[in-house]
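The values are calculated or read from the model by the stated rules, or taken from the named source; none is laboratory data. Not measured: the values here are computed from a predicted model. Virtual Cβ from ideal backbone geometry, glycine too; neighbours counted across all protein chains shown.
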Amino acid sequence: MIESRYRYTAVAIDRHSERLGELRLDPVFDAAVECAYLTAVRKSKLEARTRHEPARVEPRWDVHRGEPYVEGLQVRFATPDGGVFTSHVPRSYFTPAVEAAAATLVSAGKLQPGETFTYTDLTAFPAPEQDRHAGAGFQVEELSQPLTTVAGRLSDFLAQSESRGPHVDTDIPVFIHAHVLDEAIALARAAGRVEAGGVLIGHARRDGSLPELFLEATAQIEARHTLAGETRLNFTQDTWAAASRAIALRRRGEIMFGWWHSHPHFCAGCPPERKRVCSLSSPFFSLDDRALHAAVFGRGVDIALLITDTGTNHLSTNVYGWRDGAIAERGFYTMQPEETSHGH
């Protein structure tokens, strides 16, 4: 359960720094709370297997201007040892809520669709008592499931892995077996002009000596029951059912903690000069991708692998995950097969 006792507003301004109007924000705090829980688990303040404690989301006041001006959020919940765990969330967490609220400015003709704007004066005020248990972001039933972990030594995994992508110290380490990448790339090539995808499974491992939590992607399960097109990939109930059956048949205690999909070469028919400046020619996580990830893979540990055809013989691989309650590109490690000796 998530509790918030405040309402939030911001002032929208255009690219000329002119005031467009005040926006009433309706932020959803699930992702922020999930990332706070993950931080607590990584620091051994909370057991991964336990149900989450009720969380309270409160504004973090601007250190210079003070209340009611907000510089971020703090998520607080009780820990089994009788203490209170607090996690800070940056101001940028409000950006999606600001973008959604800006639709009122478009309707009023103060902002054109697609027009650039920014916001300032993010503020919070106590919500009326009768409103504290209504609306998105005020009191939300917990949707996530407890995380099952197994033991592992982070140093052993680092020793047989290659670092890829942009790493941030606060991100949970992610290890993907090389054959998982190879299989996903092969399926992406075979799909041609339509998107392909699948589910990532493996283990959430805990190194108690640090302490630290990290992920090991041991396999991918091809999504055969999808609605695929050149710019979309819809997973169906049959997709998830097939993935659950495959996990059960493997009998390795693996869990589902992510998904992968491909983007075909969107700029194949474009002239060379346009390809050089077109944003579609580079890897990107679309709004539809973000919506699916938030709806199905909302736990702080959940990740997404993107395979992109940029028009070269080499397909790029990028990983996205949760950071401070937002979806961001992140680094990962590829694990090579262990060397084995062969008898005669």
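Here are the numbers for the structure shown:
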{"quantity": "Residue list for the stretch 159-178, restricted to those being surrounded by 15 or more Cβ atoms within 10 Å (Cβ to Cβ) and outside any loop (DSSP other than H, G, I, E, B)", "calculated": "SER161, ARG164, VAL174, PHE175, ILE176, HIS177"}
{"quantity": "Complete set of residues in the stretch 77-89 that are buried (at least 16 other Cβ atoms within 10 Å of the Cβ) and either assigned to a loop (DSSP other than H, G, I, E, B) or not β-branched (Val, Ile, Thr) (or both)", "calculated": "PHE77, PHE85, SER87"}
{"quantity": "Identity of the residue in the stretch 199-214, of a type in the set (A, V, I, L, M) and part of a strand (DSSP E or B), that ends up surrounded by the most Cβ atoms within 10 Å (Cβ to Cβ)", "calculated": "LEU200"}
{"quantity": "Residue that is farthest from the chain's Cα centre (by Cα) [pool: residues in the stretch 96-117 that are touching a residue at least 24 places away in the same chain (Cβ under 8 Å) and surrounded by fewer than 17 Cβ atoms within 10 Å (Cβ to Cβ)]", "calculated": "ALA108"}
{"quantity": "Residue satisfying condition, being of a type outside the set (S, T, N, Q), surrounded by fewer than 17 Cβ atoms within 10 Å (Cβ to Cβ), touching an Asp or Glu at 6+ places or on another chain (Cβ under 9 Å) and more than 30 Å from ALA40 (Cα to Cα), within set ARG193, ARG153, ARG250", "calculated": "ARG193"}
{"quantity": "Out of HIS64, HIS52, sole residue that is in a loop (DSSP other than H, G, I, E, B), free of Cβ contacts under 8 Å to residues at least 24 places away in the same chain and either touching a Lys or Arg at 6+ places or on another chain (Cβ under 6 Å) or of a type outside the set (A, V, I, L, M) (or both)", "calculated": "HIS64"}
{"quantity": "Subset of the stretch 15-34 that is part of a strand (DSSP E or B) and not basic (Lys, Arg) - its residue that is surrounded by the most Cβ atoms within 10 Å (Cβ to Cβ)", "calculated": "LEU23"}
{"quantity": "Unique match (being within 22 Å of ASP309 (Cβ to Cβ), at pLDDT 90 or above and not polar (S, T, N, Q)) among PHE285, PHE257", "calculated": "PHE285"}
{"quantity": "Pair list, Cβ under 7 Å, 6 or more apart: the stretch 5-33 residue within 14 Å of GLU99 (Cβ to Cβ), other residue exposed (fewer than 14 other Cβ atoms within 10 Å of the Cβ) and of a type in the set (A, V, I, L, M, F, W, C)", "calculated": "ASP26/ALA136; VAL28/ALA136"}
